[in-house]
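What follows is one structure encoded as structure tokens, with my remarks underneath.
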Amino acid sequence: MPASRRVRSAVLSALLILVGVLALGWLCLYLDSLHERRRAEHLIADLKAFPFATTGFLEVRELANRYGGTAVQSFPVLQFLPPGLPWPKSPGTPNSQERMPLLRARPTCTPRDCIFDIWIKPRLFNLPFNNETSWFLYSGLAHVGLRPWAVGGRFEVRDGKLWESRTGVGQFRHTRSGSYEGLILLGYQVISMSRAKASDTHRPEYAVCVPHVTGTVSDDLSTWITQVPNAPLNRAFDVRLQCLTAVSHACRGFADLAPSAWSDFQAEKDRRNR
């Protein structure tokens, strides 16, 4: 066999092996994403039936243990964003000016006062990448149908009772917003408050709103519910996670991700515009 032919055959074999390795790697990442999405769907289903109005430390701890959650001693006080996903920034913002989570000290977890975190996301996004590496990697994965996503919640117990919970779904999509084109976060969260906190903050028992967040490029929707026996949990947690793992089309918007909450938001918006 001529040398040139042997070289071409070796190059072709190497390319086929490379393609096979890449295809196998993509399939493994996709199957892992599907597996974690199903776990997230079970969490959402459990939250629809969760006794927010009467729950205490034991029930919250059991929920956290069921989904690999942990008790934490600090509390991020900025916009919801699943850990392991990079913080989106406004176009032209230098790295030194990127928003980072602020933390405030909390006491040791006890049955009377504790905070639990639950986070579910594909294993790849648990790796400790820096922000620049994350943006580069996730942008590439988004182009081949593996978009970064996470589902999680934070449950704060005070005086032995659930004081507040924040459950969120986030996915980065490669899209355009004004002059910016790149990864943009689509984020939906459900915030439940005890009756005492809702009374202090003058919140209605159920409301859907678009929060005003500066310094980032993102699409956000929030549902606020008071922890009462007849709270509309089915509407608040009507979250469709199938689009998180769709290969050809990401979640196009809140009508795909949280249809009931989006419908309620649009109806209230139309009522105010009359």
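Among residues belonging to the range 187-212 that are farther than 17 Å from ALA231 by Cα and buried (at least 16 other Cβ atoms within 10 Å of the Cβ), point out the one that is modelled with the lowest pLDDT.
Applying the filter and picking the extreme gives GLY187.
Six or more apart or on different chains, Cβ atoms under 7 Å: show the pairs whose first residue is in the range 243-265 and more than 20 Å from LEU27 (Cα to Cα) and without any contact (Cβ under 8 Å) to a residue 60 or more places away in the chain and whose second is assigned to a helix (DSSP H, G or I) and of a type in the set (Phe, Trp, Tyr).
Listed by first residue and then by second, the contacts come to ALA255/TRP262; TRP262/PHE254.
Go through the range 148-163 and report how many residues are farther than 27 Å from LEU186 by Cα and outside any strand (DSSP E or B).
Final tally of qualifying residues: 2.
Would you confirm whether any residue within the range 171-191 is within 20 Å of ILE44 (Cβ to Cβ), touching a helix residue (DSSP H, G or I) at 6+ places or on another chain (Cβ under 6 Å) and part of a helix (DSSP H, G or I)?
no
Would you check if there is a residue in the range 1-19 being at pLDDT below 95 and not in a helix (DSSP H, G or I)?
Within the range 1-19 (the criterion being at pLDDT below 95 and not in a helix (DSSP H, G or I)), the answer is yes, since at least one residue qualifies.
Out of the range 182-201, which residues are closer than 17 Å to ALA53 by Cβ, in contact with a strand residue (DSSP E or B) (Cβ under 7 Å, 6 or more places away or on another chain) and of a type in the set (Gly, Ala, Ser)?
SER192, SER194, ALA198
Restricting to the range 155-186, and then to whatever is surrounded by 22 or more Cβ atoms within 10 Å (Cβ to Cβ) and more than 13 Å from LEU244 (Cβ to Cβ), can you tell me which residue is nearest to the chain's Cα centre (by Cα)?
The residue in question is THR167.
Among the listed residues ASN273, ASN230, ASN234, which satisfies the condition of being farther than 18 Å from TRP149 by Cβ, modelled with pLDDT under 90 and loosely packed, with under 13 Cβ neighbours inside 10 Å?
ASN273
Name every residue in the range 247-266 that is surrounded by fewer than 20 Cβ atoms within 10 Å (Cβ to Cβ), in contact with a Lys or Arg (Cβ under 9 Å, 6 or more places away or on another chain) and at pLDDT below 90, in order of residue number.
If the condition is that a residue be surrounded by fewer than 20 Cβ atoms within 10 Å (Cβ to Cβ), in contact with a Lys or Arg (Cβ under 9 Å, 6 or more places away or on another chain) and at pLDDT below 90, then ARG252 is the only one that fits.
The values are calculated or read from the model by the stated rules, or taken from the named source; none is laboratory data. Being a predicted model, the structure only gives us computed values, none of them experimental. We place every Cβ from the backbone using ideal geometry, glycine too, and count neighbours over all the protein chains shown.
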